[in-house]
Amino acid sequence: MDQWLIGIAVVFVVLAATLAVLTRDPARQAVVLSALGLGLAVLFAVLQAPDVALSQLAVGTALTPLLILLSVRKVTRRPDDGSSDLSSNRNEGSDPERT
Amino acid sequence: MTARARLLMFLAAAAVIAVFFAVACVRLPAFGSASHPYGDRAVAAALEHRTANVISSVNFDTRAFDTLGEESILFGTVLGATLLLRRARDERHVRAQAEDVMTTTRLFGALLLPVALIVGVYIVAHGQLSPGGGFQGGVVLATALHLAYVAADYRVLKRLRPLAVLDVADSIAAASYSIIGLTGLIVAGAFLKNIAPLGTFNEITSGGTVPVLNAAVGVEVASGLIALLAHFLDQAVEIGDPEQRDTPDANAQGGT
């Protein structure tokens, strides 16, 4: 059972990492990176390294993608180009019309 | 340097690394085997200093000097980001607007924020006993605070975030790590030597200097990351581009 879990986690990490390299758009890359971070956290947890898994979960899944998204948002010059950035997603999520 | 020369240089370096890596891997113990020479010694060293979490014992006792380096890297990162992301003379400050948020989202944030903060403090405080520690707990604390932004708006987050205090806390915590190390040097003759009373095994006060260094790292990571994120968020939310000065609508849209 453990070996299956490790195998699945390793395969997922390899696939997610390859996908992260092949993704060219930084905003999409941040999302893939987040999934990769989650996969790595699971891998570390099944390999009995909960300390590293915790760091990986916090930094790799939350912090790094957030910093990338914020940078993308700042660097993106055209205001209508920001459809994939953090803030407009957020505004969509908290749209007052949905209440 | 041309692209071709760069590629050749990379291939040469990659070949050398590949050979040495392969040779090193041949002598590695098999995956999942029962023999852990380093692990056995680390556990013995941790038990000797009555630290229940062996990882923390490695991080803050046997390899405390490495952690000083890592902590300094983070401090330098925050310092560099603060310097680079400060508001330039030609950039405009756009005050973040109050946003309409669903009442349930606000309630969710108000309930979850204290819980997340307590989890962060717990992970920092129990670093010497259970998985976690200053770094992990510090990141949890830093990200937990941003629930205020997710569940309310940027103004609420700014009110919850005393940046001046956090900057000072970051510096003091970073410095205190070195000061604890120097105390070890003066008292016992070795930098970062574990000189504090060791306490009772599996109690929160056990491990000598481990919980102290752990707490210093926790404060440093939490305040450093909040400051780092603050500068990124300021850039993304509140600082407008100088070129867009004539189109206030576009600024308002891009700045909320």
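The values are calculated or read from the model by the stated rules, or taken from the named source; none is laboratory data. Not measured: the values here are computed from a predicted model. Here Cβ is always computed from backbone atoms with ideal geometry, including for glycine, and neighbour counts include all displayed protein chains.
A few notes on this one:
- B:Ala169 being over 30 Å from B:Phe191 (Cβ atoms) and not in a loop (DSSP other than H, G, I, E, B): no
- Subset of the range A:44-70 [farther than 18 Å from B:Gly138 by Cα, part of a helix (DSSP H, G or I) and more than 7 Å from chain B (Cβ to nearest Cβ)]: A:Phe44, A:Ala45, A:Val46, A:Ile68, A:Leu69
- Residue satisfying all of: in the range A:71-81; in a helix (DSSP H, G or I) and within 8 Å of another protein chain (Cβ to nearest Cβ); modelled with the highest pLDDT among these: A:Ser71
- Meets criteria (surrounded by fewer than 19 Cβ atoms within 10 Å (Cβ to Cβ) and polar (S, T, N, Q)) for B:Asn202: yes
- Qualifying residues in the range B:1-37 (those that are closer than 18 Å to A:Gln48 by Cβ and surrounded by 10 or more Cβ atoms within 10 Å (Cβ to Cβ)) - the one nearest to the chain's Cα centre (by Cα): B:His36
- Count of the range B:49-87 residues which are outside any loop (DSSP other than H, G, I, E, B), over 18 Å from the mean Cα position of the chain (by Cα) and loosely packed, with under 14 Cβ neighbours inside 10 Å: 2
- Residue within the range B:88-103 that is assigned to a helix (DSSP H, G or I) and either surrounded by 15 or more Cβ atoms within 10 Å (Cβ to Cβ) or within 20 Å of the chain's Cα centre (by Cα) (or both) present: no
- Meets criteria (surrounded by fewer than 22 Cβ atoms within 10 Å (Cβ to Cβ), assigned to a helix (DSSP H, G or I) and in contact with a Phe, Trp or Tyr (Cβ under 9 Å, 6 or more places away or on another chain)) for B:Leu182: yes
- Pair list, Cβ < 7 Å and 6+ apart or interchain, from the range A:55-78 residues that are farther than 19 Å from B:Ile226 by Cβ to residues that are at pLDDT 90 or above: A:Gln56/A:Gly37; A:Gln56/A:Leu40; A:Gln56/A:Ala41; A:Gln56/A:Phe44; A:Val72/A:Pro26; A:Val72/A:Ala27
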